[in-house]
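J.: The structure's right below; bear with me while I get my questions together.
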Amino acid sequence: MSKIVLKNVYKHFDKKVTAVSDFNLTVEDGEFIVLVGPSGCGKSTVLRMIAGLEEISSGEFYIDGKLMNDVPPKSRDIAMVFQNYALYPHMTVFDNMAFGLKIRKFQKDKIKKRVEEAAELLGLEDLLHRKPKALSGGQRQRVALGRSIVRDAKLFLMDEPLSNLDAKLRFQMRAEIAKLHQRLKTTSIYVTHDQTEAMTMASRIIIMKDGVIQQIGTPKDVYDNPENTFVGGFIGSPSMNFFDGRIVNSQFIADDVHINIPEEKMAYLREQGYAGKELTMGIRPEHIHLLTGEEEAELTNSILSKIIVSELTGADTLLYSMLGTQEMIAEVESRTNVTAGEDVYLTFNMDCAHFFDKETGVRIRPEKSAVLVG
Amino acid sequence: MEEVEMAAKKRDEERVASAPAYFDNIHTKRKLLSLINFILLAAGSLLILSPIWWMISTSLKSMAEVMTYPPTFYPHEWNWGNYIKTWKAAPFDTYAINTITITMLVVIGSVLVNSFIAYGFAKVPFKGRGILFAIVLSTMMIPGFVTLIPQYVLFSKLQWINTYYPLVVPAFFGSAFFIFLLRQFYMTIPNELIEAAKIEGASHFRIWWTIGLPLTKPALATVAIFSFNGAWNDFLGPLLYLNDENLYTLQLGLQVFKGEMNTQWNYLMAGSLLVLLPVIILFFFFQKYFIQGINLQSGGK
């Protein structure tokens, strides 16, 4: 049972570099929070401040209402999994997992029971007497997880725990961690640079850039309603298409391409004074569709474009082309045999398009829902 | 198709057939090279070992033969009894026990204390760490003889003269070289290990004891050997601070053979060899760590 609160947290290094600025977050008991962002965005620093490995330059950090700023890591009752597992190489798997319990002076039989339970949960029963050197990457990762769960800590921190595993194992461990969380319900904070991990595991995602939170929300929320162009581009793969253009007469005009904007979107764009102005349109590749016949094309809001590259990924095909002078990726069904050099009609599902202010990159949205999302 | 396969097969066969001669050639070349290497190294070794041989040969000669001119290369008469006479010439049993006591204390002190200090310098961030470490290192530049007299004055004011304290206590205050050596080793241990232990609830002392010490064993062995060597072979320290014959160490004991008028070279050499023996045995067993210590000194790992 634990609720954590970070209030106006800043981290400065050497009084010059600001790694994290004005970080505010409330995590409810049992949540699985994923901090995601490109490397150097300050996500690991936030985690290390929560762990107590890094001092908080200013601001407040509470666990269950208790101020933790000056509490040493060992008294914070947290567990942490590190990127390189940080297993003690001279100890067996059992001793690695029992280390924290021994320090906390648990009775021997109790330690044994707890370690064995955790080992069973993670499928490590047969490896308890091995040294970390004799384990595979996935097994080491499991031991690191086991070491954290035996202590039954209030808060579970993970710093890019899967980034040293190969793709297949990563996929597997991702599901396993999610399963573990569902079972233990320990409040968790997970750091990664991989947006897929963030999308699949999080109950809420926090997207960071240059030490500043860009958006906090459920995976669906941040995917469907990105706060700004950075979030739109970072979440989702292949990433969102962005086109710079202008709004004229309910049409979005980029270079010489005209696209009709649905009236409900046009209403709030007009309301906020974007009519006739430069802005950025964002649309996800899966919201660009391929049209087959010319007749159909004439009826809908479509453009003719020459395909530059066609990539079959398995379930889908990615079509690379140009919208005027700007690059565009469309994700279409794999069965459409479009080849490079072909001219095809593409149409935009404009209900799913987003408009961003060109200067700030912030999404322009209907004023009412602003309150809801924020 | 078949023709092509046949041709390929033939080519392979030819290649296999020509292989032995080709390898033979390289073999003889290698053999010759290693022979030259061996001769050069053997010659060098003999040169370096010649003083040791001189010691051994002298230790087995009679005093009369030692004095003959020209000197003999090996003894005419092998006086193995010299060794027993040497040991009985003074209370060497007591000296040996004294030396072992001092050496053990010095080794224990050096290993634990230097490791603890090095852990602090490598893994505990604190203000002024860099400057403090630089100061510690700079003490390496001060020749031991400069501090000899102040140290003597200090110890005499503490009334430690004629006790083992001046020989043992300094080992419990760390030495710059060992601190440096161990710190370099600690730097190779990932910080994550220390951080993981911290989060698990371990204090720095505990981390040092349960994780630091076991993981730095190779470097600790190096420190143990170097400090053993230093304490065992120390002559000046015991000479300065010990007056009572019952407290003498082996190195001091050897002095009985050096009279004012003449020196009993054969006994002195026999005694020196006996005293040297433990160091040589130690070296044979722990060569690896000796070499590692020297490598660490030059910055490699």
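Throughout, read-outs are computed from the coordinates displayed, never taken from laboratory work. Computed from a predicted structure; not experimentally measured. All Cβ positions, glycine included, derive from the backbone under ideal geometry; neighbour counts span all protein chains shown.
J.: Given a 10 angstrom Cα cut-off, can you work out which residue in A:K306, A:K168, A:K74 is the most mobile in a GNM of chain A?
T.: With Cα springs under 10 Å in chain A, the top fluctuation among A:K306, A:K168, A:K74 is at A:K168.
J.: With unit charges on the beta carbon (Lys/Arg positive, Asp/Glu negative), name the residue among A:M328, A:L87, A:Q172 whose Cα is farthest towards the positive pole of the charge dipole of chain A.
T.: After comparing all options, I get A:L87.
J.: On to the next question. Compute the projected area of the convex hull of the Cα atoms of the protein assembly as shown, averaged over all viewing directions, and report it in nm² to one decimal place.
T.: Working: hull surface 205.0 nm².
Mean projected area of the Cα convex hull: 51.3 nm².
J.: Shifting gears a bit: A:N241: net charge of surrounding residues, Cβ under 12 Å, Lys/Arg +1, Asp/Glu -1, itself excluded? Show your work: numbers first, answer last.
T.: Values: positive: A:R284; negative: A:D244, A:E286, A:E327, A:E331.
Value of the local net charge: -3.
J.: What's the average, rounded to a whole number, of partner chain beta-carbon atoms within 10 Å of each residue's beta-carbon in A:80-91? Provide the component values of the computation, followed by the final result.
T.: On the way: counts 6, 1, 7, 1, 4, 4, 9, 3, 8, 6, 6, 3.
Counting Cβ atoms of other protein chains within 10 Å of each residue's Cβ and averaging gives 5.
J.: In a GNM of chain B with a 10 Å cut-off on Cα contacts, which of B:R206, B:R129, B:R11 has the highest mean-square fluctuation?
T.: Taking springs between Cα atoms under 10 Å, the residue moving most is B:R11.
J.: Something else about it: Measure out, as a whole number of angstrom, how far apart the alpha-carbon centroids of region B:238-287 and region A:118-154 sit.
T.: 56 Å
J.: A further question follows. Note down the relative contact order for chain B as a percent, whole number, built from C-alpha pairs under 8 angstrom at least six residues apart. Mind dumping the intermediate values first?
T.: Numbers: 247 pairs, mean separation 85.7, N = 301.
Value for chain B: 28 percent.
J.: Only Lys, Arg, Asp and Glu count, each charged at its Cβ (+1, +1, -1, -1), so figure out the dipole size of region A:239-373 about its Cα centre, rounded to 20 debye.
T.: Here the size comes out at about 540 debye.
J.: To check you understand DSSP bridge types, tell me what percent of the beta bridges within region A:4-233 (both residues inside) are antiparallel, rounded to 5. It would help to have the intermediate numbers written out before the result.
T.: On the way: 19 of 37 bridges.
Of those bridges, close to 50 percent are antiparallel.
J.: If one computes the Cα centroid of region A:79-111 and of region B:80-123, what distance in Å separates the two points?
T.: Their Cα centres are 38 Å away from one another.
J.: Next question, about the same structure. So if I place +1 on the C-beta of Lys and Arg and -1 on the C-beta of Asp and Glu, and nothing else carries charge, what would the dipole magnitude of the protein assembly as shown be about its Cα centre? I want it in debye, nearest 20.
T.: Working: 67 positive and 69 negative charges, 794 e Å.
That gives a dipole near 3820 debye.
J.: Also: Please identify the DSSP H helices in chain B that span no less than 18 Å along the helix axis (Cα) and have a mean Kyte-Doolittle hydropathy of 1.0 or more. If you can, show how the numbers build up before the last one.
T.: On the way: long enough: B:2-60 (81 Å, 0.25); B:92-123 (45 Å, 1.26); B:217-233 (24 Å, 0.59); B:265-297 (39 Å, 1.29).
Qualifying helices, which must be both long enough and hydrophobic enough, are B:92-123, B:265-297.
J.: Among DSSP beta bridges lying fully in the protein assembly as shown, give the percent that are antiparallel, nearest 5.
T.: Values: 62 of 80 bridges.
Given both bridge residues lie in the protein assembly as shown, the antiparallel proportion sits at roughly 80 percent.
J.: Please work out the Cα center distance from region A:305-351 to region A:211-239, rounded to the nearest Å.
T.: Cα centroid of region A:305-351 versus Cα centroid of region A:211-239: 23 Å apart.
J.: Between helix A:137-149 and chain A, what is the angle of the helix's C-alpha long axis to the longest principal axis, kept within 0 to 90° and rounded to the nearest 10?
T.: It works out to around 70 degrees.
J.: Another question about this same structure. Describe numerically, in nm with one decimal, the distance between label points set 7 Å from Cα along Cα→Cβ at B:S50 and at A:T218.
T.: Output for this residue pair reads 9.0 nm.
J.: Another question, if that's okay. Sorting B:T249, B:T28, B:T72 on the 10 Å Cβ count, fewest up front, what's the list? Walk me through the numbers on the way to the answer.
T.: Numbers: B:T249 29, B:T28 10, B:T72 13.
Arranged by neighbour count, lowest to highest, B:T249, B:T28, B:T72 become B:T28, B:T72, B:T249.
J.: I would also like to ask the following. Please arrange A:E359, A:E55 by counting, for each residue, the other beta carbons lying within 10 Å of its beta carbon, fewest first.
T.: Details: A:E359 9, A:E55 12.
So the residues, fewest neighbours to most, are A:E359, A:E55.
J.: Mean-square fluctuation check for chain A, GNM, Cα pairs under 10 Å: which of A:V332, A:V115, A:V93 is largest?
T.: Judging by the Gaussian network model, the answer is A:V332.
J.: Same structure, new question: With every atom except the alpha carbons ignored, what do you get for Rg and Dmax of chain B, in angstroms?
T.: 28.2, 100
J.: Counting other beta carbons within 10 Å of each Cβ, put B:Y186, A:Y62 in order, fewest first. All intermediate terms of the calculation are to be shown ahead of the outcome.
T.: Numbers: B:Y186 21, A:Y62 15.
Arranged by neighbour count, lowest to highest, B:Y186, A:Y62 become A:Y62, B:Y186.
J.: Name the residue farthest towards the positive end of the dipole of the protein assembly as shown from the options B:M63, B:L182, B:I291, assuming +1 on Cβ of Lys and Arg, -1 on Cβ of Asp and Glu, about the Cα centre.
T.: Of the candidates, B:M63 comes out farthest on the positive side.
J.: With +1 on the Cβ of every Lys and Arg and -1 on the Cβ of every Asp and Glu, and nothing else charged, how large is the dipole of chain A about its Cα centre, in debye rounded to the nearest 20?
T.: On the way: 46 positive and 52 negative charges, 605 e Å.
Dipole size: approximately 2900 debye.
J.: Let me ask another. What is the pair-distance distribution P(r) of chain A, computed from all Cα-Cα distances in 10 Å bins starting at 0, with each bin given as a whole percent?
T.: Pairs per bin, as whole percents: 5, 20, 25, 21, 15, 9, 4, 0.
J.: For A:H90, what is the net charge nearby, where nearby means another residue's Cβ is under 14 Å from its Cβ and Lys, Arg count +1, Asp, Glu -1? Don't jump to the answer; show the numbers that get you there.
T.: Working: positive: A:R130, A:K131, A:K133, B:K217; negative: A:D95.
Cβ neighbours under 14 Å give a net charge of +3.
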